[in-house]
1. Mind checking the full-extension length gain between residue 99 and residue 51? Use 0.36 nm per residue of separation minus the Cα-Cα distance, one decimal, nm.
2. With each label point set 7 Å from Cα along the Cα-Cβ vector, what nm distance links residue 171 and residue 132?
3. What list do you get for 117, 80, 67 if you sort them by fewest beta carbons within 10 Å?
4. Please give the FRET efficiency for residue 71 paired with residue 42, using the beta carbon to beta carbon distance and R0 = 51 Å, rounded to the nearest 0.05.
5. How would you rank 181, 46, going from fewest to most other Cβ atoms within 10 Å of each one's own Cβ?
6. Enumerate the residues in segment 45-65 having an amide nitrogen under 13 Å from the point lying 7 Å beyond the Cα of residue 34 toward its Cβ.
7. Please report 179, 58 as a ranked list, fewest other C-beta atoms within 10 angstrom at the top and most at the bottom.
8. Between rounded, prolate and oblate, where does segment 76-115 land on the alpha carbon gyration tensor, with a ≥ b ≥ c its root eigenvalues, rounded for a/c under 1.5, else prolate if a/b exceeds b/c?
C-alpha cells in the first residue's frame, strides 16, 4: 500500500539562504498585499500573497503551493481534465461529501484497498450487480444477516456450520448433511435429503439418515406416508407406542 502521509514543502525564503538584494523584487500595497519575484541564483521564486496570509508560491524546483487561510472555492463552467503522473494524496480532517448528479465511472488498473474504522452504510435504490471473475471471500467476525424476499443460489452451497431457520428451505436438487436435518416449518426438495452416512441408497423422493430427521409433520405430494421411503436406525413416533412413545433402536432400517 502506498504511503498516505505528506507534509507541506517549506519555502526557500524560510531557510538559511535568504533572498539577496538586488535579485529580490517586491511590490507591496498599503494594506499588506505583496508580489515577490526572487531572482536569487538557485533560489528563484514567485510569491503572490494576500494580507490575510493566503498565498500562491512557485518554488525553485518548480513546485507550487497554494494555501488558503479561509474557505476555498473552485468553479469550472465547462469540462475539466486533471492528470497526475505520480501519487495523489488527499487528506480531509473533517467530513467529505462527493455528489455526482450524473453517472460515475471508477476504473482501477491495480488493486483496491479500503479501510473503514467505523460503520459502513450503503443504500442502493435500484439494482445491485457484482461480477467477480475469481474467488469471493467474505469474512465476518460477527453475524451475517440477509433479509430478502428470495435468496437464489445457482451453485453448490457448502456450509461448515449449522443452518438455522424458521422459514422454508426449498431445493430443486439434493440436501446433504453429515449430522442432522431438522425442520420446524418445512424442507422441500425434488431430489433427496441425505443426512450422515446413509444405510440405504439415496433415491429421488427418499429421506435417508443415520442420525435423525426431525419434523413435526411429514407430508408428501401424494398425501400418504407410504409413498415416501424413510431409512433410519432410530426413530420416534409422535403418538403413544406401548406406553412410552419411543420404539427404540432397531437393527435394520424401516422402509
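Here, each number is a calculation from the coordinates, and none is a lab measurement. Note that this is a predicted model, so its numbers are computed, not measured. Cβ: placed from backbone, ideal geometry, glycine included. Neighbour counts: every protein chain shown.
1. Working: separation 48, 0.36 × 48 = 17.28 nm, distance 3.34 nm.
Length gained between residue 99 and residue 51: 13.9 nm.
2. Output for this residue pair reads 2.2 nm.
3. On the way: 117 4, 80 7, 67 12.
Going from sparsest to densest Cβ surroundings: 117, 80, 67.
4. On the way: r = 36 Å, r/R0 = 0.71.
About 0.90, to the nearest 0.05.
5. Working: 181 22, 46 14.
Ordered by Cβ neighbours within 10 Å, fewest first: 46, 181.
6. Of the residues in segment 45-65, 47-53 have backbone N under 13 Å from the label point off residue 34.
7. Numbers: 179 12, 58 16.
Sorted ascending by nearby Cβ count, the order is 179, 58.
8. Details: a/c = 1.40, a/b = 1.18, b/c = 1.18.
Because its axes are fairly even, with a/c under 1.5, segment 76-115 counts as rounded.
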